[in-house]
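Chemist: Let me begin by handing over the structure; questions about it come next.
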Amino acid sequence: MQCREASKLMDPHAAADLPLIEGNKSLSQVTADVCAPLERRAGPLWWAAFLVAFSFLLLGIAAVTYQLITGIGTWGLNRTVGWAFDITNFVFWIGIGHAGTLISAILFLFRQKWRNSVNRSAEAMTLFAVTCAGIFPIIHMGRPWLFYWMFPYPNNRGSLWINFRSPLVWDFFAISTYLIISLVFWYVGLVPDLATLRDRVKSGWYRRFVAFFSLGWNGSSRTWHRYESVYLILAGLATPLVVSVHSVVSTDFATTLLPGWHTTLLPPYFVAGAIFSGMAMVLTLMLIARKTMHLEAYITARHVDAMTKLVLATSGLVGLAYLTEVFTALYSENPYEHAALWNRLGGTLAWGYWLMVACNMLVPQLFWFRQVRTCLPVVFVVSILVNVGMWFERFIIIVTGLERDFLPSSWAGYAPTLVELATLAGSFGLFFTCFLLFCRWLPAIAIAEVKGILHRSPSNEPAAVPQPLLTSGISHGSATEPGVV
């Protein structure tokens, strides 16, 4: 396996001088390159990926329909393990969605310009991941057609309300808040590019669509100024969500009395794991989009190098959480904590625990080596292994914490059924189907933001000057594009 990109970043001093966008692109070339996948017919590679993803989506729809008609008895749940596959998938998908907010909001506030090539796709990934996550608590309700009861609306049931102490209610408000803020943040950043598409598309329903959602964008200096102000405010609002949403999800576990769950470690542990798994999924999607959409000049080895360093850093935090969890259980001298720990390390699901440790702690250590960080096929494999490990982390936490409780007579094992496996496959089908449709109909690269970093490198940027998202529209469009003053 050859790594052609490896030679570009072998010298750290040369790496710092590499441009973020390769090929000395002009402003008009950026627009043409990013819009090209939207303006031409989809290729056979896109259709093949779409058919595979859509097939898994149909499988998931069939599985969910069957279990709604038949009942939750189609799952492998029992009285002991009441939370299992569905809540595992819920926590997994919520975690995947955190990287979009990290790249879009937090890195924007820290003026990290390498984010400009990947933030649009990462934000879209957040929306699709949160959508996949929201499916599982609704199914888990048993009567999902009554999910609207969780809305605090005037009702005719008198004083009968939902149980606001239920973790399902916490999850509902966490998901809905995260989805609304992420959707608004993604859409506001998309408005200038929709105006560019409006001026490029000649006629038809697609032009009417982008014209309506571009909100009459005219590219004036006043418009850019208002846009930058709103984008900055939304970034500030979205940043706390990275911490708060997954902290709420982790509190579902931490507020119980079960050994292995009842710990204050879980909120920061879950947040670090969410960013870890989300960054790995961003890497997976970006490497796929880079090749299939011919965006090698915009998603460069420097972008991959920066994302792999974030994966390495969060892997260290997750590993520290694993060790802290073991130390706390042993130091507590609590026999129930000891039993829960030994059940994870050597019980019936010990193979899943050690697979989790290998994928989340050991495999990412390869990113210490620059040759690995710049070898894109290896990075792709590592990113997939990280998400495999993170899925098993949620599975091990939930199932091992439940299958051996305080009463030995109620101990029970758990194994997923084919319906549950099909539902999981369907969630991946939904995720990749939505992402492929997004790449087909909307720009996967933020055109206006990328134009602001053309021919720049960290060595020649003025460090003392604040770097806004867009400099009032100057140098973000040609004379025929809406981004020019």
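Chemist: Could you give me the residue pairs with C-beta distances under 8 Å whose first residue belongs to the range 326-337 and is without any contact (Cβ under 8 Å) to a residue 24 or more places away in the chain and part of a helix (DSSP H, G or I), whose second residue is surrounded by 12 or more Cβ atoms within 10 Å (Cβ to Cβ) and not small (Gly, Ala, Ser) wherever it lies, and which are 6+ apart or on separate chains?
Modeler: Once the first residue is without any contact (Cβ under 8 Å) to a residue 24 or more places away in the chain and part of a helix (DSSP H, G or I) and sits in the range 326-337, its partners that are surrounded by 12 or more Cβ atoms within 10 Å (Cβ to Cβ) and not small (Gly, Ala, Ser) give Val326/Leu341; Leu330/His338; Leu330/Leu341.
Chemist: Are any residues in the range 354-385 assigned to a helix (DSSP H, G or I) and touching an Asp or Glu at 6+ places or on another chain (Cβ under 7 Å), and if so, which ones?
Modeler: Let us first name the residues in the range 354-385 that are assigned to a helix (DSSP H, G or I), namely 354-368, 370-373, 376-385.
Selection gives Met356, Asn360, Arg373, Leu376.
Chemist: Name the residue that is farthest from Val311 (Cα to Cα), counting only residues in the range 388-422 that are of a type in the set (S, T, N, Q) and open to solvent by 10 Å² or more (accessible area, probe 1.4 Å).
Modeler: Going through the qualifying residues, I end up with Ser409.
Chemist: Does the range 379-393 contain any residue that is aliphatic (A, V, I, L, M), closer than 30 Å to Gly60 by Cβ and in contact with a Gly (Cβ under 8 Å, 6 or more places away or on another chain)?
Modeler: The answer is yes; a qualifying residue exists.
Chemist: Please tell me if Trp217 is in a loop (DSSP other than H, G, I, E, B) and either open to solvent by less than 70 Å² (accessible area, probe 1.4 Å) or touching a Phe, Trp or Tyr at 6+ places or on another chain (Cβ under 6 Å) (or both).
Modeler: For Trp217, the condition - in a loop (DSSP other than H, G, I, E, B) and either open to solvent by less than 70 Å² (accessible area, probe 1.4 Å) or touching a Phe, Trp or Tyr at 6+ places or on another chain (Cβ under 6 Å) (or both) - is met.
Chemist: Right, here's the next one. From the list Leu146, Leu107, exactly one residue is modelled with pLDDT under 90 and within 15 Å of Leu310 (Cα to Cα). Which is it? Quick ask: steps written out before the conclusion?
Modeler: Details: Leu146 fails: within 15 Å of Leu310 (Cα to Cα).
One residue alone meets the criteria, Leu107.
Chemist: In the set Leu341, Leu310, which member is part of a helix (DSSP H, G or I), open to solvent by 10 Å² or more (accessible area, probe 1.4 Å) and farther than 27 Å from Val242 by Cβ?
Modeler: Working: Leu310 fails: farther than 27 Å from Val242 by Cβ.
Step by step, each of Leu341, Leu310 is checked, and only Leu341 is part of a helix (DSSP H, G or I), open to solvent by 10 Å² or more (accessible area, probe 1.4 Å) and farther than 27 Å from Val242 by Cβ.
Chemist: Can I ask one more? Could you grab me the full set of residues in the range 74-89 that are of a type in the set (D, E, K, R) and buried (at least 17 other Cβ atoms within 10 Å of the Cβ)?
Modeler: Across the range 74-89, the qualifying residue is only Asp86.
Conditions tested, residue by residue: (1) under 24 Å from Ala254 (Cα atoms); (2) modelled with pLDDT of 90 or more.
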position	(1), (2)
Val326	yes, yes
Asn334	yes, no
Ala339	yes, no
Ala358	no, yes
Phe367	no, yes
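Chemist: Continuing with the same structure: What about Leu266, is it modelled with pLDDT of 85 or more and open to solvent by less than 10 Å² (accessible area, probe 1.4 Å)?
Modeler: Here the answer is yes, as Leu266 does meet what is asked.
Chemist: Same structure, new question: Do you know which residues across the range 149-188 are touching a helix residue (DSSP H, G or I) at 6+ places or on another chain (Cβ under 9 Å), charged (D, E, K, R) and modelled with pLDDT of 75 or more?
Modeler: Asp171, the sole residue that qualifies.
Chemist: Residues to consider are Leu349, Leu385; find the one that is open to solvent by less than 30 Å² (accessible area, probe 1.4 Å) and touching a residue at least 12 places away in the same chain (Cβ under 8 Å).
Modeler: On the way: Leu385 fails: open to solvent by less than 30 Å² (accessible area, probe 1.4 Å).
Answer to the check: Leu349.
Chemist: Out of the range 37-49, which residues are open to solvent by less than 70 Å² (accessible area, probe 1.4 Å), aliphatic (A, V, I, L, M) and at pLDDT below 85?
Modeler: Scanning the range 37-49 gives Leu38, Ala42.
The values are calculated or read from the model by the stated rules, or taken from the named source; none is laboratory data. Just so you know, these numbers come straight off a predicted model, no measurement behind them. When we count neighbours, we look across all protein chains shown, and the Cβ atoms used for this are built from the backbone with ideal geometry, even at glycine. What goes into the accessible areas is simple: the full protein's heavy atoms, side chains included, and nothing from ligands, DNA or RNA. Shrake-Rupley method; radii C 1.70, N 1.55, O 1.52, S 1.80 Å.
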